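Notes for the one structure printed next.
The values are calculated or read from the model by the stated rules, or taken from the named source; none is laboratory data. Because the structure is a prediction, the values reported are computed rather than measured. Note: ideal-geometry Cβ built from the backbone for every residue, glycine included; neighbour counts use all protein chains shown.
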Amino acid sequence: MEWKLDSDSKIPIYQQVVDFIEKRITYGELPPGSFLPSERKLATQLNVNRSTVTTAYNELRAMGIVESTTGKGTRVSTHMWGVSPTLTPNWRNFVEGGTFLPNLPLLRHIRAEVQQNENIIDFANGELGCNLYPHDQLQTILREQPLTHSLSYDHPQGYLPLRQAVVKYMKEYLKVEATEQSIMITSGAQQALHLIVQCLLNPGDAVAFESPSHCYSLPLFQSAGIRIFPLPVDEHGINPDDVQELYRKHRIKMIFLNPNFQNPTGTMLHPNRRKKLLSLCADLRIAIVEDDPSSLLTLEKKQPCPTLKSIDENGTVIYVHSLSKMIAPGLRVGWLVAPQSVVERLSDARHQMELGMSIFPQWLMQQFFETVPFQSHIVPLRKQLAEKRDVIVRALNEQLHDKISFSNPTGGIYIWGKLKEPINEKQLIMQSLKQEIAFMPGSIFGAKDGYIRLSYGKVNIDQIEEGISRLREAILVCEK
């Protein structure tokens, strides 16, 4: 908070402090329950006698605006004050209330540190680096293709020309048969997941997802009152037998899976397990939500493993796809493929929230699909990601072979590592940020202490070796 005093004013200094704090409370900048600076600290900051600040705080206490507790300090009152002329809502109760939970504090802290310090080498971010975006192709579209759409509100399921383009894309690259009616354009994969949870499930319903999984970092399940049960992931993905056991015990209704280059482990669900899982879920009438942002990011010469949706013969799978990991996350364009009745339900709910998505990014992606050969983008992208993968794997083997065990990823943008010696996770995070290196701890994904996720998608290839060196230094400090 910035404190300003007017030494030329006829208003006493203590009263200026009183007035300033009152205004900050009125504007909502000091919500109920927030602490004020100590009397000594504020007196030093304002370069006034401590007695002046003491007088101001006494006045505020007498007005019922603040309250003090010995050993804890002075804070804005947490109740509505009958004597104050500037009553405000109890914003702290509003902020702490509601059904939608905030992100995990540790996750928020890591993101804040990365945003505030441009010198941090960022292995935490799950995006592509800006140099991997198809800038030239997008610039050509913007320069040469006329925008003929009226820019009025769009169809609840999304821009029809884009849905038509997605039908072709799904068939050619993902071997999935879809129609315009079975596709809903979404603002990325996360909006699709949010709509599925909010519209197709009820509080108290039981679902399962992989453990570890990026789903554990999303509060949307807990916010909706959904009961969550883990499906352990081994080197071949989840075991369908575990699904049957969870159904027997908890009557799970839905499974959320990332079967291709899973986040965070990078594993692939074994083909035999895929078939068994689809058959089992069809028999038990368990819906599968396949979250598939990275299946086309294979870093080997062999063809990508088929999606669950492409071999689903019973309509068991809702397929969720996004362009964030392949084109640009800021465009916020993804989609889901589902039975028409499901698409209509979800699009109606989304229409109530925002009357449809922005037309412009949908138009841009439709033009991209129709004017740019997709292979001309995805092939170089795979090559550059493979180069990054090779650099980080080499750096880990050279610098951290005695500290971390990991598997060489065959696709995607993540390395899942296990620390060989026990280290306090929070201590390692804080020390790493001091060393200006960021990564995601395993607890974010529901794993036990001792796991970390390193993303090589965004980090500059020239920074990778230095980043791993900093990580080693942080580990050594924490081991002392």
message: Condition check: of a type in the set (A, V, I, L, M), more than 23 Å from the chain's Cα centre (by Cα) and surrounded by fewer than 16 Cβ atoms within 10 Å (Cβ to Cβ). Does residue 359 satisfy that?
response: no
query: Which of the residues spanning region 27-45 are of a type in the set (A, V, I, L, M, F, W, C) and either in a loop (DSSP other than H, G, I, E, B) or modelled with pLDDT under 85 (or both)?
result: 30, 36
- prompt: Can you tell me how many residues in region 389-406 are farther than 12 Å from residue 475 by Cβ and not in a helix (DSSP H, G or I)?
  reply: 3
query: Among the candidates 220, 296, 277, 284, which residue alone is at pLDDT below 95 and over 29 Å from residue 449 (Cβ atoms)?
result: 296
- line: Going through (1) in a loop (DSSP other than H, G, I, E, B); (2) within 11 Å of residue 207 (Cα to Cα) one by one, residue 261 fails only at (2)
message: Checking the conditions here, which among 442, 457 is closer than 30 Å to residue 134 by Cα, at pLDDT below 95 and not charged (D, E, K, R)?
response: 457
- request: Report whether or not residue 86 is at pLDDT below 70, farther than 30 Å from residue 220 by Cβ and touching a helix residue (DSSP H, G or I) at 6+ places or on another chain (Cβ under 6 Å).
  value: yes
- request: Just name the residue that is farthest from the chain's Cα centre (by Cα) out of those in region 199-257 that are part of a loop (DSSP other than H, G, I, E, B) and of a type in the set (A, V, I, L, M, F, W, C).
  value: 252
- prompt: Here are some residues: 178, 189. Which one is outside the structural domain of residue 418 (by TED's automatic domain parsing), closer than 21 Å to residue 304 by Cα and modelled with pLDDT under 90?
  reply: 189
query: Can we say residue 387 is out of contact with any Phe, Trp or Tyr (no Cβ under 6 Å at 6 or more places or on another chain) and over 19 Å from residue 456 (Cα atoms)?
result: no
message: Given (1) touching a helix residue (DSSP H, G or I) at 6+ places or on another chain (Cβ under 8 Å); (2) buried (at least 19 other Cβ atoms within 10 Å of the Cβ), identify the lone condition not met by residue 374.
response: (2)
message: Tell me whether region 432-444 contains one or more residues that are of a type in the set (Phe, Trp, Tyr) and part of a loop (DSSP other than H, G, I, E, B).
response: yes
task: Check whether at least one residue in region 451-461 is in contact (Cβ under 8 Å) with a residue 60 or more places away in the chain, outside any helix (DSSP H, G or I) and hydrophobic (A, V, I, L, M, F, W, C), and report yes or no.
output: yes
field: When residues of region 296-328 are limited to those that are surrounded by fewer than 21 Cβ atoms within 10 Å (Cβ to Cβ) and outside any loop (DSSP other than H, G, I, E, B), the one farthest from the chain's Cα centre (by Cα)
entry: 311
- request: Go through (1) in contact (Cβ under 8 Å) with a residue 40 or more places away in the chain; (2) in a helix (DSSP H, G or I) and name the single condition residue 409 misses.
  value: (2)
query: Any residue in region 459-480 that is under 17 Å from the mean Cα position of the chain (by Cα), in the same structural domain as residue 390 (by TED's automatic domain parsing) and either more than 28 Å from residue 383 (Cβ to Cβ) or of a type in the set (D, E, K, R) (or both)?
result: no
field: Residue list for region 130-157, filter: within 28 Å of the chain's Cα centre (by Cα) and of a type in the set (A, V, I, L, M)
entry: 132, 138
query: Any residue at all in region 6-18 that is outside the structural domain of residue 77 (by TED's automatic domain parsing), farther than 18 Å from residue 78 by Cβ and either under 38 Å from the mean Cα position of the chain (by Cα) or of a type in the set (Asp, Glu) (or both)?
result: yes
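Quick grid of which residues meet (1) surrounded by fewer than 21 Cβ atoms within 10 Å (Cβ to Cβ); (2) of a type in the set (Asp, Glu); (3) free of Cβ contacts under 8 Å to residues at least 12 places away in the same chain:
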| residue | (1), (2), (3) |
| --- | --- |
| 340 | yes, no, no |
| 348 | yes, yes, no |
| 390 | yes, yes, yes |
| 399 | yes, no, no |
task: Mind telling me which of the residues 303, 352 ends up being free of Cβ contacts under 8 Å to residues at least 60 places away in the same chain and under 14 Å from residue 191 (Cβ atoms)?
output: 352
- prompt: (1) assigned to a helix (DSSP H, G or I); (2) buried (at least 19 other Cβ atoms within 10 Å of the Cβ): which one isn't true of residue 352, the others all being true?
  reply: (2)
message: Pairs please, first residue from region 133-148 and at pLDDT below 90, second anywhere and in a loop (DSSP other than H, G, I, E, B) and not charged (D, E, K, R), Cβ atoms under 6 Å, 6+ apart in sequence or on different chains.
response: 133/328; 137/372
message: For region 27-45, which positions are closer than 13 Å to residue 66 by Cα and touching a residue at least 40 places away in the same chain (Cβ under 8 Å)?
response: 30, 31, 32, 33, 34, 35, 36
